[in-house]
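J.: Would you mind keeping the following structure in view while I ask a few things?
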Amino acid sequence: MPMTPDARVDLDRFWSTIEASADIGKGRPGGLSRLTLGDDDRDMRDLFCTWCRDAGLRVEVDAAGNIFGQRDGTDNDLPPILIGSHLDTQINGGRFDGIAGVLAGLEVLRCLNDLGHVTRRPVVVVDWTNEEGARFSPPMVASGCFVGKYDIDWVHDLIADDGAGFGDELERIGYKGTRPCKAGEIDAYFELHIEQGPILHAEGRAVGIVTGGYPVRGMRASFQGQTSHTGPTPMDLRRNALAAGARWLTAIDDLGWDFAVHDGKATAARLTAWPNKPGILSESAEAICDVRHPDPVTTRVMAERMRRAVFESAARCGCDAVIEDEWEWGGDIFDHTLIESLRTQAIRMGYNWRDIDSQAGHDAYFLATHCPTAMIFAPCKNGITHNNEESCDPSDFVAGLNILLHAVVARADR
Ligand SMILES: [Zn+2]
């Protein structure tokens, strides 16, 4: 039986999966601390796979631990539609970031089961491994590997702060799959995500149609100094790598303020040092920073100042510096036909919607380099996220879920 235009998802059923997920890997009150490839992540994956199999989906896991639950279409030789996001969280994460997107995909497929609607193309729900990068850096590593940005051996060799290896942890929790981590032809990728910003909630909007991502540039720099005694070593002979790294971080924070008036942002994200003890100057330090701005040219200007600041900070402390890694994402990356299809559904169903830019990184950014991609944002209270107080009501997802349902089916049936 074909789906009718008035079909709607089962909001209670969707919410019950959110609540079940919120019981696995609890963090601070109301939040989650479900770091990728840990025992809690395994338990959540197990539950998700059970839900998928119960919904009649064919479950496959690839070499990076990405989980795919496929609902067959009438012509399975056609490239599939993917709906995905991530089930891992930040160390002080919320219950919705990423999770809502995976469970939205599941709800769409369950809804099609209820309706007895078989799409022409297969539709696949996906959980991408390690979107957050909270345990293994960089973030979005498994969706990046999927589209050919990273090599699978490089991914397996990643080491967490806790000393664990990515490949070893995949094996330990039973999610080193046999399917190669390599995208075939994909017809379209959809991702629903909470906004993680305050705009939709402040404006009382039901949903955001994401038109692009803030261009982001980031880098990891290392600073090389020399250990010596904190007492007798004269200031002009000191080579304190910790101070060099700290100077870079504060320079980046200042940079963000310089561009804040036009919504530029700069993040001093991380600083580690060795030996990082009292009584001794640090020999080495490593730091991570990024900049973002709605205008791509301004993002490049900010990135250039970020780069210069690495060496100025090092020189000021008598240290050497190396930029170890650089990355960029965002911009006008999403597919205009898919964006239009989301708007069409929002208008048809009468939701209070707006176009919106994404300011965070998402797996969708990597998928967009491979296939037509679009994102939908659900409001979250005051934009609080990467925090245990991240909060949404069931009603925040009504518009996003139903737009997703109808846009996916329209795409899959064409
Ligand atoms: Zn996320």
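The values are calculated or read from the model by the stated rules, or taken from the named source; none is laboratory data. Fair warning: this is a prediction, and the values are worked out from it, not measured in the lab. Glycine also receives a Cβ, built like all others from the backbone with ideal geometry; neighbour counts cover every protein chain displayed. Quick note on the areas: whole protein, heavy atoms, side chains included, nothing else; ligands and nucleic acids left out. Shrake-Rupley method; radii C 1.70, N 1.55, O 1.52, S 1.80 Å.
J.: Convex hull volume of the Cα atoms in segment 44-161, per residue, in Å³?
T.: Taking the convex hull of the Cα positions in segment 44-161, it is 98 Å³ per residue.
J.: Further question on the same structure: Round to a whole number: what % of the accessible area of segment 215-328 belongs to carbon and sulfur, probe 1.4 Å?
T.: 52 percent
J.: Over the chain, what is the relative contact order in percent, taking alpha-carbon pairs closer than 8 angstrom and at least six residues apart?
T.: Result for the chain is 22 percent.
J.: While we're on this one: Tally Lys and Arg at +1 and Asp and Glu at -1 over the other residues with C-beta under 11 Å from the C-beta of Arg270: what net charge comes out?
T.: -2
J.: I would also like to ask the following. Hey, can you find the accessible area per residue of segment 202-268 for me, probe 1.4 Å, expressed in square angstrom?
T.: With all protein chains present, segment 202-268 gives 48 Å² per residue.
J.: Not counting ligands, DNA or RNA, and with a 1.4 Å probe, what is Arg42's accessible surface area in Å² rounded to the nearest 10?
T.: Approximately 70 Å² for this residue.
J.: Probe radius 1.4 Å, ligands and nucleic acids left out: which of His201, His293, His336 has the largest accessible area, and how do the rest follow?
T.: Ranked from most to least accessible, the order is His336, His201, His293.
J.: Right, next: Mean residue ellipticity at 222 nm from the helices of the chain, using -39,500 (n - 2.57) per DSSP H segment of n ≥ 4 over the full residue count, to the nearest 500 deg cm²/dmol?
T.: Mean residue ellipticity at 222 nm (helix-derived): -10500 deg cm²/dmol.
J.: Which FRET efficiency value, to the nearest 0.05, is calculated for Arg316 and Ile91 with the Förster distance at 41 angstrom and r the Cβ-Cβ distance?
T.: Rounded to the nearest 0.05, the efficiency is 0.80.
J.: Find how much the distance from Val261 to Gln224 grows on full extension, using 0.36 nm per residue of separation minus their present alpha carbon separation; answer in nm with one decimal.
T.: 9.8 nm
J.: Please list 3J(HN,Hα) in residue order for segment 73-90, calculated via the Karplus relation 6.51 cos²θ - 1.76 cosθ + 1.60 where θ = phi - 60°; whole Hz, with x for glycine and proline.
T.: Going residue by residue, I get x, 7, 10, 7, 7, 6, x, x, 9, 10, 10, x, 4, 9, 9, 7, 10, 5 Hz, with x marking Gly and Pro.
J.: Between Asp236, Asp127, Asp75, find the one with the highest GNM mean-square fluctuation for the chain; connect C-alpha pairs within less than 10 Å.
T.: Asp236
J.: Just how many % of Cα pairs in the chain lie over 30 Å apart, if you round to the nearest whole percent?
T.: 43 percent
J.: A further question follows. For Glu171 and Glu389 in one chain, what is 0.36 nm times their gap in residues minus the Cα-Cα distance, to one decimal in nm?
T.: 75.2 nm
J.: Which residue fluctuates most in the GNM of the chain (Cα springs below 10 Å): Ser228, Ser21, Ser391?
T.: Of Ser228, Ser21, Ser391, the most mobile in the Gaussian network model is Ser228.
J.: For segment 39-183, with every protein chain kept in place, what is the accessible area per residue (1.4 Å probe, Å²)?
T.: It amounts to 35 Å² per residue over segment 39-183.
J.: In terms of modelled amide H atoms, which long-range or inter-chain residues lie less than 5 Å from the amide H of Asp325?
T.: Here Arg220 satisfy the definition.
J.: So which lysines pass the test for Lys149, namely a Cα distance under 28 Å, with those fewer than 8 places away in the same chain ruled out?
T.: Lys176, Lys182, Lys265
J.: Using θ = phi - 60° and the Karplus form 6.51 cos²θ - 1.76 cosθ + 1.60, what ³J(HN,Hα) does each residue of segment 183-198 get, whole Hz, x for Gly and Pro?
T.: 6, x, 6, 10, 6, 6, 10, 10, 9, 9, 8, 5, 4, 6, x, x
J.: So who's got an amide H within less than 5 Å of the one on Ala64, skipping anything under 5 residues away but keeping other chains? H placed 1.01 Å off N, in plane.
T.: Hits under the 5 Å cutoff: Gly177, Cys181.
J.: If a paramagnetic tag sat 7 Å from the Cα of Asn276 along the Cα-Cβ line, which residues of segment 16-45 would have the backbone N under 11 Å from that point?
T.: None, by backbone N distance to the label point.
J.: Once you have the Cα-Cα distance between Asp46 and Asp335, take 0.36 nm times their residue separation minus that, and quote the gain in nm to one decimal.
T.: 100.7 nm
J.: Across all directions of projection, what mean area in square nanometres is found for the Cα convex hull of segment 178-270?
T.: 12.6 nm²
J.: Evaluate the Debye formula for segment 28-87 with equal point scatterers sitting on the alpha carbons, no solvent, and hand back log10 of I(q)/I(0) at q = 0.16 Å⁻¹, in q order, two decimals.
T.: -0.61
J.: Counting alpha carbon pairs within less than 8 Å and at least 6 residues apart, what relative contact order, in whole percent, applies to segment 1-145?
T.: 30 percent
J.: Sticking with this structure for a sec: So, in Å, what gap is there between the alpha-carbon centers of segment 135-178 and segment 325-366?
T.: 27 Å
J.: I want to check the label-to-label distance for Glu185 and Asp157. Put each point 7 Å from Cα in the C-beta direction and report it in nm to one decimal.
T.: In this crude spin-label approximation the distance works out to 3.4 nm.
J.: Within the P(r) computed for segment 215-328, what percentage of the Cα pairs occupies the region above 22 Å?
T.: Result for the distance tail: 33 percent.
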